[in-house]
Amino acid sequence: MTTEVRVPTLGESVTEATVATWFKKPGDSVALDEMLCELETDKVTVEVPSPIEGVLEDIVAKEGDTVGVDALLANIAPAGEAGSASVEERPSAKAAEAPAASGGGKSVDVMVPTLGESVTEATVSTWFKKAGESVQQDEMLCELETDKVSVEVPAPASGVLSEILAKEGDTVQAGGKLGVIGAGAGAAAPAASTEAPAAASAPAASGKDVEDAPSAKKAMAEAGLSRDQVTGSGKDGRVMKSDVSAAIAAAKSAPAPAAAAQAAPRAPVAAEDAGREERVKMTRLRQTIARRLKDAQNTAAMLTTYNEVDMTEVMALRSQYKDLFEKKHGVRLGFMSFFTKACVHALKEVPEVNAEIDGTDVVYKNFVHMGIAAGTPQGLVVPVLRDVDQKSFAEIEKEINEKGKRARDGKLSMAEMQGGTFTISNGGVYGSLMSSPILNPPQSGILGMHKIQDRPMAINGKVEIRPMMYLALSYDHRIVDGKGAVTFLVRVKEALEDPRRLLMDL
């Protein structure tokens, strides 16, 4: 009996994903829990394991397809029944082969694919083909952008792209028509087969049959780079996002022309400057990010209060015990565990900072799920450490280290980034001296850490050089009063300047 492979749960707020890579092909044997494919969502990569041991019969969702939660990805037959299914038992496979076998006797519409349950429209970002060009079945025709992901649209059949109905920049509805593929596949295929072998291999030599990574295409478009300006490091010369970043860095480091350096200063000319500007429409994803960040500011009565902490005692304590700590627990002693413990200590005294608003109710949390913001090559993510109020320094450091590594590798699940009650953001690792962090709704507080910098301080009537750090607490003034916010920050400061207070719960 055939077993279906379906899209797993992606998270509360995620309804769709893109099939990034298939590790197996139809006909390959698979073992129980062996990785079949990899899905990409807005924030994380999700691996799909095999539910049984058997043979991969067919792949329903191909690389580049956008799929919803619980959508069918593939079918697996048990090892003893492999190959027993007939073509008649697979109408989907038979239907998929029909357009290619028919030779393109009539036109085929290119339609907008399913975008997800909560997504009804998309913007045509890029057409990879022009009207009149020949296309092969499953060759990428265009790319659509939704609020959350980029969707690639493959050719439903071989033929000639006779008409493009939705141009770049147009907004299209789910199920709308993008273009038309006309007859010509039957004539084009034999002609190609009768040509000299060198002509048949020309596309492979030019690299045009190698589909670059969608993220790389978007990065090239945003940077204004053409495909021949980027050297691909992926399989068969496929361009990855890191290749685009390297090309941009190389362009910036190139020496400026001597003529530009010798040009005499002059008043700016608006017309000339306009000719050197580039106007690029914001992607739907960037528009959504901008809108949601502004919504967070508009919804919450956000305010930030500041203080500074003398890190002398924490640094001395860490220096004294870091070797013994690492030897016993197998993990380095950092500053984040001290700040996490100090915040937990302060949240017990000022519980409204750990609460949230639900309609006209205030929900107080009798636990602390701490979000620790982490920078990754893909962007900022906030893994959540659950029940940190019940964990030791060693447990906190181990979990921060483990989740930080998985965040950089893109292996965090959506569940690991949900449910936080308070957040710590450390901009100091990038050299930030002072900033005002933005709340992570529905949370009511976020602590911003900054760079440790030696500064002259008045200590007992004398000027001493001390390692100082500015702290910033952004909070929702609807439920956190100024007194509570200041008290919270003072308690954090006191706990860090005298860590013994944490031991005695003072």
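Each value in this text was obtained by applying a stated rule to the coordinates, not by laboratory testing. Every value quoted in this text rests on a predicted model; they were computed, and no experiment measured them. In this analysis, Cβ positions are derived from the backbone assuming ideal geometry, glycine residues included, and neighbour counts consider all displayed protein chains.
Assuming R0 = 25 Å, what is the FRET efficiency of Lys294 and Asp361, from their Cβ-Cβ distance, to the nearest 0.05? List each step's numbers first, then the result.
Numbers: r = 25 Å, r/R0 = 1.01.
Approximately 0.50, to the nearest 0.05.
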- prompt: In straight Cα distance, which lysines are under 17 Å from Lys328, not counting same-chain residues fewer than 8 positions off?
  reply: Lys391, Lys398
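So how much slack lies between Lys328 and Thr120, counting 0.36 nm per residue of separation and subtracting their Cα-Cα distance, in nm? Can you show the working numbers first?
Working: separation 208, 0.36 × 208 = 74.88 nm, distance 5.48 nm.
Taking Lys328 through Thr120 to full extension adds about 69.4 nm, to one decimal.
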message: Please report the spacing between the Cα centers of region 377-435 and region 293-334 in Å, no decimals.
response: 12
task: Project the alpha carbons of region 335-407 onto their principal axes and report the range along each, largest first, in whole Å.
output: 39, 28, 15
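Determine by what factor the alpha-carbon radius of gyration of region 365-502 differs from 2.2 N^0.38 Å, reporting the quotient.
Values: Rg = 16.3 Å, N = 138, 2.2 N^0.38 = 14.3 Å.
Taking N as the residue count of region 365-502, the ratio is 1.14.
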statement: Rounded to whole angstroms and listed largest first, the alpha-carbon spread of region 457-506 along its three principal axes comes to 41, 25, 17
query: If each Cα of region 3-85 is one equal point scatterer, what is log10 of I(q)/I(0) from the Debye formula at q = 0.15, 0.19, 0.21 Å⁻¹?
result: -0.48, -0.75, -0.89
- prompt: How high is the relative contact order of region 300-504, given as a whole-number percent (alpha carbon pairs under 8 Å, six or more residues apart)?
  reply: 32
